[in-house]
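Report on the following structure.
The values are calculated or read from the model by the stated rules, or taken from the named source; none is laboratory data. Given the structure is predicted, the values throughout are model-derived calculations rather than measurements. Here the Cβ positions follow ideal geometry from the backbone for every residue, glycine too, while neighbour counts run over all protein chains shown. Ligands, DNA and RNA are excluded from the accessible area calculation, which covers all protein heavy atoms including side chains. Shrake-Rupley method; radii C 1.70, N 1.55, O 1.52, S 1.80 Å.
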Amino acid sequence: MSRISRRFAALREQNRTALIPYVTAGDPNPGITVGLMHAMVEAGADIIELGVPFSDPMADGPVIQRASERALAHNVSLRDVLSMVREFRAGDDDTPVILMGYLNPVEIMGYPAFAEAAADAGVDGLLTVDIPPEEAGELLAALRPKDIDPIFLLAPTSSPGRIQRICDAASGFVYYVSVKGITGSSSLDVEGVAAKLAEVRRATGLPIGVGFGIKDPDSARAVARIADAVIVGSALVNRIERLADEPEAIAPALAGQLAAMRLAMDQG
Amino acid sequence: MPTNDQIRFSEMPDAHGHFGPYGGMFVAETLMEPLDELRQAYEKYLGDEVFLTELDADLAHYVGRPSPVYHAERLSREIGGAQIYLKREDLNHTGAHKVNNTIGQALLAKRMGKTRIIAETGAGQHGVATATVAARLGLECVVYMGSVDMARQEANVYRMRLLGARVVGVTSGSKTLKDALNEAMRDWVTNIDDTFYIIGTVAGPHPYPAMVRDFQAVIGREARQQMQHQAGGLPDALVACVGGGSNAIGLFYPFLDDREVAIYGVEAAGSGLETGSHAAPLCAGRPGVLHGNRTYLMEDENGQIIETHSVSAGLDYPGVGPEHAWLKDVGRARYVAVTDDEALAAFHTLTRTEGIIPALESSHALAYAFKLAPTMAREQSILVNLSGRGDKDMHTVAAIEGIEI
C-alpha cells in the first residue's frame, strides 16, 4: 500500500478529512521550502502538494504564476525539487508528498528516469495538469513499478464516461476541480460540488480531494463535509508573496492559516 | 516509424489528433469535453454542404479569393535560376492568410451557439482577422496580446480596437505570443460555456492543428490548379515561412502526396542559430509538450520554455505545429532558417523589383527562395507563399534603418 493510501486509510478510521496544502517549490527562495513543509505538517497538513515551477503554467491564476516566476528566478528545476523532497524525507518518513506541475519538465527528463529519481527521493504521487489519461499510457507504465500514484483531475465538465476512465487510470486519490476556471478562482458552489462528487463516488472507491476556490476556514469546513481531502493553494501562496521580503515569517504565517483550517474542518 | 513513401499524408492525423508521436491533447481536464464537442462540430460541418457553401461564398466575396498566383519575372531574372511564383495571400482582406481560418472558425462558433470569441495574437494579424469576422458576425471579441508585441505592433492594436475588440495586454512570462496563448487558454477554461477560442495557428490541442490546416488548405488547393494552368505543371518546390506554421501547412498540405514537389519550411534564425537568439524549434530545438500538443520546442535542459527572438513578431514563437514536426521527422519537408538580416534584405529586394511590399514573416520565405533558385534550372519553378503584406511592418523596418516615421 502506498504512503498516500495508508494516510487516507488512517484518516478514515479517525473519521477525519485530509488537509492538503500546495506551495510552489523554491518560492520565494529554494532555502525555505523544506522547513516550510515540516511546519505545514506540524500545523495539520496530512499530505503535501509541492509545485514544480514551470515557465508556462496555463492552468494557474496570477498568484501561482508569480510563484513559478519567483522560483524560476532562482533556476529551480525538477531535479532541485526532488532534492528538496529527499531532504524533507530525512526528517519525515510518513507524510506523503505529491509533485504537481506540468508535463514538459518530466517529459524532458524521460519518464523512466523521472520515476526512478522521484521514487528514490521519496515522492509518492505525480499530478501533471496537462496530461489526460488518453495521453498517459507511457507515463503510467513508468510510474506503476515505482509505486508512484498518478493523480488525475476531474472537472465540472467531465462526462460520466470520462469520470470512469479517469478513475480507472488513477490511484491514491482523484482530484476534483471545483470550478470551471484556473487556480485562485473565487467562487465555490458547495452544493454543485456535492452533486458531482456523488457521481464520482459511483465510479470509484478512491478518496476524492477537492481543490480550486478553497481559501479560508469556512470554505475548508464546507468542503470537508463532502470530500475526503481539502486542497488549498493560492490562499497560501498569496501569503508567501506578501511575505517574500521577510521569508522567516512565512512558515509561522502558513502554519497559522493551516491550523485554523484544520480546526474548522475537525469541528465540522 | 513508417518511411516517407509509405505514408498517406492526406489521412493524417489519427483519430486522437496524433501525427506520429506529435500532436495529441495535452490539456487540463476541464477542456477535454469542450474540445471533444469542438471536434464533433468540426467533423460534422466540414462535410456539410450548407456550411461549406456559406464558407466558400465568404471566401469569395468577403476575403477576395481566389488569391492570385503571380509569376515574378523581373525578380526571377534578378535572382537567377528557377522561376519564382508568389501565392498572393497578402491581397486577402485584412492583409494576410489568417482570415481564411478565422472566417471558418467564426462560422463554426455561430453554428455551436457561442456568443463570445477569444483569440491570441503575436504580430496582430490573427487578432485583426479575428476582430474583423467578430465585427461582421456581431460577436463579442477579446484578443490577448503580449505587452511587448503590443508595443511593436501598435497599428494593429488600434485596428483591433476600431473593430470593436477588447485587446488585453499580457504581462506574464516573456510578454509575447506564447504568454498570450497561455492567457487565452485561461480565459477559455473560465468561460467555457459561451466562449469559442479561435486559435490562429496549427498548434494547440486536437482538433485545432487539423482544423486550422483544413481551413488554410484552400491556399494549396488553389495554388495547385493555378500552377498547372499558369506554369504548365506542379511547382518543383514550395517555400513558406514557419512560426506556428499555418500559412505553410495551408500551402503544403494539398501537395504532400505529390512526392516530386520539394517542400521547404523557413524558420526565423533571428540573430543567427549559433547565437541562441532565434525562433527556430525545428532547426535547433527538441520535442516536448506545450500548449496542448507534443512538438518541437525551444526549451532549456530542465524543460522550461525559453524566450525566442525574431525581427518578425509573427514568427516569434517557441513551438511549431505538430504536423510540421512530423513532416520533418519523416523527411517529407525540409526545415531551414534565415536570419533577421537575410529577411530584411529579401524584403527590400521584392519591394524594389516587383513593387510588392511583403510582411517580414513572408520575407523569410523569400530569403530562402533566393538561395534556392540559383541552384535550380531556369525551366524549374518555386512557389513562395507570400503570406502577408508589409504595411504593419513599416515602423519596424524604418526603426532598424534609423528612420522615424
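Observations, loosely collected:
- Positions from the stretch B:166-189 whose accessible area shrinks by 30 Å² or more when the full protein complex is built, not the chain alone, probe 1.4 Å: B:Asn182, B:Arg186, B:Val189
- Two-site FRET efficiency, A:Arg6 against B:Ser10, from Cβ-Cβ distance with R₀ of 51 Å, rounded to 0.05: 0.45
- Amide hydrogen proximity for A:Ile47: with H placed 1.01 Å from N in the peptide plane, the residues at 5 or more positions away or on another chain lying under 5 Å are A:Leu19.
- Whole-angstrom gap from the stretch B:165-181 to the stretch A:73-98, using each part's C-alpha centre: 33
- 3J(HN,Hα) along the stretch A:95-103, derived from phi through the Karplus expression 6.51 cos²θ - 1.76 cosθ + 1.60 where θ = phi - 60°, amounts to 6, x, 10, 10, 8, 10, x, 10, 5 Hz, with x in place of Gly and Pro.
- Distance between the stretch A:165-237 and the stretch B:360-389 - C-alpha centres, whole angstrom: 55
- Heavy-atom accessible area per residue - the stretch A:3-267, 1.4 Å, Å²: 36
- Taking the protein heavy atoms of the stretch B:191-279 in the context of the full set of protein chains, the accessible area attributed to carbon and sulfur is 43 percent at 1.4 Å.
- Sorted largest first, the spans of the alpha carbon positions of the stretch B:363-405 along the three principal axes are 43, 19, 12 Å.
- Shape call, the stretch A:50-194: gyration tensor on alpha carbons, a/c limit 1.5: oblate
- This model, with +1 at the C-beta of Lys and Arg and -1 at the C-beta of Asp and Glu, gives the stretch A:31-177 a dipole about its Cα centre of some 220 debye.
- Projecting the Cα atoms of B:Pro254, B:Val99, B:Ala57 onto the charge dipole of the protein assembly as shown, computed from C-beta unit charges around the Cα centre, puts B:Ala57 farthest toward the positive end.
- Mean silhouette area of the stretch B:83-179, derived from the convex hull of its C-alpha atoms and averaged over all directions, reads 7.2 nm².
- In this Cβ point-charge picture (+1 for Lys and Arg, -1 for Asp and Glu), the stretch B:4-127 has a dipole of about 460 debye about its Cα centre.
- If you model the stretch A:144-268 as an ellipsoid using its alpha carbon gyration tensor, with each semi-axis the square root of five times an eigenvalue, the axes come out at 28, 17, 14 Å, biggest first.
- Counted as membrane-span-like here are DSSP H helices of chain A whose alpha-carbon atoms extend 18 Å or more along the helix's own axis and whose Kyte-Doolittle mean is -1.0 or above; these are A:78-91, A:190-203, A:250-267.
- Amide proton proximity set for B:Glu299, modelled H, under 5 Å, gap of 5+: B:Arg286, B:Ile306
- Per-residue average of Cβ from other chains inside 10 Å of A:148-155: 2
- Heavy-atom accessible area per residue - chain B, 1.4 Å, Å²: 34
- Helix-derived mean residue ellipticity, 222 nm - over chain A, DSSP H n ≥ 4, -39500 (n - 2.57), to 500: -14500 deg cm²/dmol
- Dimensions of chain B based on its C-alpha atoms, expressed as ranges along the principal axes with the largest first, amount to 56, 51, 48 Å.
- In sequence order, calculated HN-Hα J values of the stretch B:236-245 (Karplus, 6.51, -1.76, 1.60; Hz; x Gly/Pro): 7, 8, 10, 9, 8, 7, 10, x, x, x
- Using distinct alpha-carbon pairs, which all enter the 1/r mean, Kirkwood radius of the protein assembly as shown in Å: 25.9
- One quarter of the surface of the convex hull around the alpha-carbon atoms of chain A equals 12.3 nm², the direction-averaged projected area.
- Within the stretch A:153-235, the trypsin sites (Lys or Arg not before Pro) that combine a DSSP coil assignment with at most 14 other C-beta atoms in a 10 angstrom radius are A:Arg225.
- With contacts taken as Cα pairs under 8 Å at a separation of at least 6 residues, the stretch A:1-152 carries a relative contact order of 24 percent.
- Centre-to-centre, using Cα atoms only, the stretch B:1-61 and the stretch A:123-153 are separated by 27 Å.
- Rounded to the nearest 500, the 222 nm mean residue ellipticity of chain B from helices alone is -12000 deg cm²/dmol, with -39,500 (n - 2.57) taken per DSSP H run of at least 4 residues.
- The stretch A:1-134 pair-distance distribution - Cα-Cα, 5 Å bins, rounded %: 2, 10, 20, 23, 21, 14, 7, 2, 0
- Chain A - percent of accessible surface contributed by carbon and sulfur, probe 1.4 Å: 48
- Buried between B and A is an accessible area of approximately 2900 Å², summed over both sides with a 1.4 Å probe.
- Along chain B, longest interval not containing exposed trypsin sites (Lys or Arg not before Pro), exposed being DSSP loop plus at most 15 other Cβ atoms within 10 Å: B:9-258
- Nonlocal amide H pairs with B:Glu267, under 5 Å, H built at 1.01 Å: B:Val242, B:Val336, B:Ala337, B:Val338
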